[in-house]
Amino acid sequence: MRDLVIDLAAIEPGSGLAAAVSKRADIFALTQATHDAAITPIYAGGLSHGLRAALACRIARINADMDLARHFLDLAGKAGASDAERRVAELDFAGDDLRTSALVRHADLVARDPKSATGKDIAALRESGVPDADIVRLSELVAFVSYQIRLVAGLRLMQAAS
Amino acid sequence: MSKVVHEFTAVVPEWKPHVTPVDITQASAAQLDALKVTPSNRQVSDYLLVLAHDAETLKPRSPLFNGIMYNRGGLSRAERELGAVGASIVNRCIYCAAVHASRYNQLARDETAIARIFAEGLDAELDPRSSAILRFAARLSECPPAATADDLSALRQAGLDDEEILDLVLSAALFGWANRLMHTLGEPVEAPAV
């Protein structure tokens with residue numbers, strides 16, 4: 001099975017890094033499983049697969065990871081994201097309805113500056129009509145993609161130096 | 001009302017959720033499975049009960065977390081904890097920093113490094129290997145990630161091999177995830193005196 005992280009880091013087969021990665025095969029498989037659970041869950045709740053992929057693309061762009069951004073934009077297309085959902089991937093789009101604006105604002109905050117988040121930000125999501133379960137789904141999505149971006153960034157540095 | 005903790009500490013606070021945790025008596029089969037709740041183990045933290053709102057991501061997350069922090073070989077467990085502390089300082093997750101600072105102290109049998117980091121910050125004077133680990137973890141945790149080839153070569157000069165560096169990347173990245181949940185979905189409050 002293809003592994004997104006290993007593909008994106010372009011790890012050279014047979015290298016010392018490839019050997020180190022193969023010793024952690026369980027971790028890479030679980031990373032891929034969490035990616036699938038965060039972007040294309042069986043039960044999506046109030047966050048459609050298209051919206052999730054568009055938000056993930058936005059987070060990758062915030063982190064200046066254009067390869068991962070392209071991957072998520074591609075997934076948004078495959079998930080049949082609506083035009084409105086696709087716009088969420090554009091960094092200059094802040095949402096044009098109350099709920100989307102609240103989701104985008106929170107995703108940006110947690111991706112870019114999590115230390116500044118407080119209980120007021122959770123209250124703002126609730127007031128915009130986002131139920132607790134969707135607040136957790138959104139948070140997991142942003143948090144997981146932030147992990148994946150840093151894992152790929154670290155692997156790319158190692159690959160470049162090998 | 002309990003007092004919110006705003007300063008870094010190696011004394012583990014309590015965690016108060018902003019989101020209502022799943023009521024375990026009402027939890028679905030998928031939620032109980034993701035929580036690893038069994039008839040003999042019904043002790044589940046509020047944090048996991050909050051995450052149980054999204055059972056599909058929680059299910060792989062727990063073994064992933066345990067694998068990155070505790071699996072065999074590679075980087076020492078204490079140094080993985082140091083990576084977690086570096087990320088938690090950048091993201092100012094007081095709760096995660098406290099849990100992983102206290103684990104570092106236990107594993108390394110030393111409290112001076114963490115005390116110095118909390119007092120002086122990420123540039124605190126440590127032994128060269130610990131400094132390189134802390135700095136790399138912190139730089140990878142910035143948004144966008146800011147770790148450079150120089151930060152990586154500092155790890156090599158300090159004696160880390162590929163397997164150890166990979167484990168450090170994993171632990172620092174993992175806390176880019178954990179901090180974004182723990183610090184945004186709740187807050188650390190002073191534990192009541194026992």
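Could you work out the local net charge near A:LEU103, counting Lys and Arg as +1, Asp and Glu as -1, over the other residues with Cβ closer than 11 Å to its Cβ? Walk me through the numbers before you get to the answer.
Working: positive: A:ARG52, A:ARG58, A:ARG99, A:ARG105, A:ARG137; negative: A:GLU85, A:ASP97, A:ASP108, A:ASP134.
Here the charged neighbours net out to +1.
Residue by residue through the stretch A:67-75, what is 3J(HN,Hα) from phi via Karplus (6.51 cos²θ - 1.76 cosθ + 1.60, θ = phi - 60°)? Round to whole Hz and write x for glycine and proline.
With coefficients 6.51, -1.76 and 1.60, one gets 5, 5, 4, 5, 4, 6, 5, 4, 5 Hz.
Let's see if you can work this out: charge +1 on each Lys and Arg Cβ, -1 on each Asp and Glu Cβ, no other charges. What is the dipole magnitude of the stretch B:75-179 about its Cα centre, in debye to the nearest 20?
On the way: 10 positive and 16 negative charges, 66 e Å.
Here the size comes out at about 320 debye.
Tell me which cysteines of chain B come out unpaired when the rule is another cysteine's Cβ under 4.7 Å.
Lone cysteines by the Cβ rule: B:CYS143.
For B:LYS3, go through the aspartates and glutamates and keep the ones whose alpha-carbon is under 16 Å away, minus same-chain ones fewer than eight residues off.
In chain and number order, the partners are B:GLU14, B:GLU187, B:GLU190.
Cut-off under 18 Å on the C-alpha distance; same-chain residues fewer than 8 positions from B:LYS59 excluded. Which lysines are left, in chain and number order?
Candidates past the 8-residue exclusion: B:LYS36.
Mind pulling the per residue volume of the convex hull built on the Cα atoms of the stretch B:15-69? Å³ is fine. Kindly include the intermediate steps, with their values, before the conclusion.
Working: hull volume 5.0 nm³, N = 55.
Here the figure is 91 Å³ per residue.
Nothing charged except the Cβ atoms of Lys and Arg (+1) and of Asp and Glu (-1): what's the magnitude of the dipole of the protein assembly as shown about its Cα centre? Round to the nearest 20 debye. Present the calculation step by step, with values, prior to reporting the outcome.
Working: 37 positive and 46 negative charges, 73 e Å.
Here the size comes out at about 340 debye.
Would you list, by chain and number, the aspartates and glutamates whose Cα falls below 15 Å from the Cα of A:LYS78, excluding same-chain residues fewer than 8 positions away?
Cα-Cα hits under 15 Å: A:ASP36.
Quick one: helix B:77-90 against the long Cα principal axis of chain B, what's the angle to the nearest 10°, folded into 0 to 90?
Compared with the principal axis, the helix lies near 80 degrees.
What's the average, rounded to a whole number, of partner chain beta-carbon atoms within 10 Å of each residue's beta-carbon in B:165-174? Don't skip to the answer; put the middle values down first.
Working: counts 7, 10, 4, 1, 8, 9, 0, 4, 11, 5.
Whole-number average of other-chain Cβ neighbours for B:165-174 is 6.
Can you give the FRET efficiency for A:LYS23 and A:ALA124, using 1/(1 + (r/R0)^6), R0 = 45 Å, r = Cβ-Cβ distance, to the nearest 0.05?
On the way: r = 44 Å, r/R0 = 0.98.
The computed FRET efficiency comes out at 0.55.
How much net charge surrounds B:ALA147 when only other residues with a Cβ under 11 Å from its Cβ are counted (Lys, Arg +1; Asp, Glu -1)?
Values: positive: A:ARG150, A:ARG156, B:ARG135, B:ARG139; negative: B:GLU142, B:ASP150, B:ASP151.
Every neighbour counted, the sum reads +1.
Compute the acute angle (0 to 90°) between the alpha-carbon long axis of helix A:25-39 and the principal axis of greatest extent of the alpha-carbon atoms of chain A; round to the nearest 10°.
The helix A:25-39 is inclined about 20 degrees to chain A.
Summing -39500 (n - 2.57) over the DSSP H runs of n ≥ 4 in chain B and dividing by its residue number, what mean residue ellipticity at 222 nm do you reach, to the nearest 500 deg cm²/dmol?
Values: 9 runs with 114 residues, N = 194.
About -18500 deg cm²/dmol.
Can you give the mean number of other chain Cβ atoms that lie within 10 Å of the Cβ atoms in peptide A:137-145? Mind dumping the intermediate values first?
Details: counts 4, 2, 10, 11, 2, 4, 12, 8, 3.
Mean inter-chain Cβ contacts per residue within 10 Å come to 6.
What does the net charge come to around B:LYS3 if you take all other residues with beta carbon closer than 13 Å to its beta carbon, with K and R at +1 and D and E at -1? Could the numbers behind the result be given before it?
On the way: positive: B:LYS16; negative: B:GLU7, B:GLU14, B:GLU187, B:GLU190.
Here the count lands on -3.
Quote to one decimal, in nm, the extra length available between A:ARG70 and A:ALA84 on full extension: 0.36 nm per residue of separation minus the C-alpha distance between them. Don't skip to the answer; put the middle values down first.
Working: separation 14, 0.36 × 14 = 5.04 nm, distance 1.80 nm.
Extra length available between A:ARG70 and A:ALA84 comes to 3.2 nm.
Relative to the first principal axis of the alpha-carbon coordinates of chain B, what is the inclination of helix B:128-141, with its axis defined by its Cα atoms, in degrees from 0 to 90 and to the nearest 10?
Compared with the principal axis, the helix lies near 50 degrees.
With charges set only on the Cβ (+1 for Lys and Arg, -1 for Asp and Glu), what does the dipole of the stretch A:4-161 come to about its Cα centre, in debye to the nearest 20? Walk me through the intermediate numbers first.
Values: 18 positive and 20 negative charges, 62 e Å.
My answer is approximately 300 debye.
Starting from the amide H of B:TRP15, placed 1.01 Å from N in the peptide plane, find each other amide H under 5 Å away whose residue is 5 or more places distant or on another chain.
Long-range HN contacts for B:TRP15: B:VAL189.
Taking each residue in A:116-125, count the Cβ atoms of any other chain within 10 Å of its Cβ, then average. What number comes out?
On the way: counts 3, 8, 5, 9, 1, 2, 6, 1, 0, 2.
Per residue, the number of nearby Cβ atoms from other chains is 4 on average.
Hey, in the GNM for chain B with a 10 angstrom Cα cutoff, which one of B:GLY74, B:GLY83, B:GLY176 fluctuates hardest?
Between B:GLY74, B:GLY83, B:GLY176, it is B:GLY74 that shows the largest mean-square fluctuation.
Suppose R0 equals 30 Å; then what is the FRET efficiency for B:THR25 and B:GLU190 from their Cβ-Cβ distance, rounded to the nearest 0.05? Mind showing how you got there, number by number?
On the way: r = 29 Å, r/R0 = 0.96.
E between B:THR25 and B:GLU190, to the nearest 0.05, is 0.55.
No lab work stands behind these numbers, since they all come straight from the coordinates. Keep in mind it's a predicted model, so treat the numbers as computed, not measured. Heads up, the Cβs are rebuilt from the backbone with ideal geometry, glycines too, and the neighbour counts pull from every protein chain shown.
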